[in-house]
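**Student:** Sharing a structure with you now.
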Amino acid sequence: MTLRPFHLAFPVHDLAAARDFYGRILGCAEGRSSDHWIDFDLFGHQIVAHLDPAAKPVAVENAVDGHQVPVPHFGVVLTMADWEDLAARVKGAGVPFGIDPHIRFKGQPGEQATMFFRDPSGNALEFKAFADDAMLFATEMPA
């Protein structure tokens, strides 16, 4: 099976703020748009910010490897170089991290670089990378 891009539609309370955040800060190319939605290319995946002036973030968190992870959240598994570049760009833009860039599950199956932050509407995003992509669904460390 060939991996295909996913599509995700999500609410934002301000399209101009979403355009700035996803376009300028995250570097997502903009696709089609209207007065009520904007398509973005998130590392080859189609995400669509839909205007909902009453949009409010969900405040649920679950413990994962010593951190409180926001649920729901979305993001992309990047190469380590792209992950490092994005972490620097987000930090340089002054976006606060909910969970700072770090290595999760160090020395365990699924060891990964991860970071969490929120868009201007409060949607939680996670971006991660693996030194070895075989660890994406690992239940054991490679020999």
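**Student:** Could you tell me which of rounded, prolate or oblate describes region 18-93, using a ≥ b ≥ c as the square roots of the eigenvalues of the alpha-carbon gyration tensor, with rounded for a/c under 1.5 and, failing that, prolate when a/b is larger than b/c and oblate otherwise?
**Tutor:** oblate
**Student:** How would you rank 117-125, 59-67, 8-16, highest first, on the average number of other Cβ atoms within 10 Å across their residues?
**Tutor:** Top of the packing list down: 117-125, 8-16, 59-67.
**Student:** Which three extents, in angstrom, do the Cα atoms of region 93-142 have along their principal axes, listed largest first?
**Tutor:** Rounded to whole Å, the extents work out to 39, 15, 13 Å.
**Student:** What list of ³J(HN,Hα) couplings, whole Hz, do you get for region 93-101 from phi and the Karplus terms 6.51, -1.76, 1.60, once you set θ to phi - 60° and write x for glycine and proline?
**Tutor:** With the stated coefficients, region 93-101 comes to 7, x, 6, x, 7, x, 9, 4, x Hz.
**Student:** Here's another thing I want to ask about it. Per DSSP helix of 4 or more residues, -39500 (n - 2.57); summed, then divided by the residues of the chain. What does that give at 222 nm, rounded to the nearest 500?
**Tutor:** After summing the helix terms and dividing by the residues of the chain, the value is -3500 deg cm²/dmol.
**Student:** Over 5 Å intervals from 0, what percent of Cα-Cα pairs in region 61-135 sits in each interval?
**Tutor:** The percentages, shortest bin first, are 3, 16, 28, 27, 18, 7, 1, 0.
**Student:** With angles folded into 0 to 90 degrees, how steeply does helix 80-92 sit against the dominant principal axis of the chain? Use alpha carbons for both and round to 10.
**Tutor:** 50 degrees
**Student:** Same structure, new question: Ignoring ligands, DNA and RNA, what percent of the 1.4 Å accessible area of the chain is carbon and sulfur? Could you put the intermediate results ahead of the total?
**Tutor:** Details: 4550 of 8170 Å².
Here it works out to 56 percent.
**Student:** Note down the relative contact order for region 1-84 as a percent, whole number, built from C-alpha pairs under 8 angstrom at least six residues apart.
**Tutor:** Values: 108 pairs, mean separation 22.7, N = 84.
With pairs under 8 Å counted, the relative contact order is 27 percent.
**Student:** Right, next: Give or take rounding to whole Å, what are the principal axis extents of the alpha carbon atoms in the chain, in descending order?
**Tutor:** 53, 34, 28
**Student:** Among Phe127, Phe97, Phe40, determine the one that fluctuates most according to a GNM of the chain built with springs between C-alpha atoms less than 10 Å apart.
**Tutor:** Phe97
**Student:** Would you tally the net charge around Gln68, using a Cβ to Cβ cut-off of less than 14 Å, leaving Gln68 out, and scoring K and R as +1, D and E as -1?
**Tutor:** My count for the surroundings of Gln68 gives -2.
**Student:** Something else: If the cut-off is 18 Å between C-alpha atoms, which aspartates and glutamates fall inside it for Lys106, apart from same-chain ones fewer than 8 positions away?
**Tutor:** Leaving aside aspartates and glutamates fewer than 8 places away in the same chain, those within reach of Lys106 are Asp65, Glu84, Glu126, Asp132, Asp133, Glu140.
**Student:** Ok, one more. With a 1.4 Å probe and every protein chain left in place, work out the accessible area per residue of the chain in Å², rounded to a whole number.
**Tutor:** Here the residues of the chain average 57 Å² of exposed surface.
The values are calculated or read from the model by the stated rules, or taken from the named source; none is laboratory data. None of the values given here were measured: they were computed from a predicted structure. For neighbour counting, all protein chains shown are included, and Cβ atoms are generated from backbone atoms with ideal geometry for every residue, glycine included. Remember, those area values only see protein heavy atoms, side chains included, never the ligands or the DNA or RNA. Shrake-Rupley method; radii C 1.70, N 1.55, O 1.52, S 1.80 Å.
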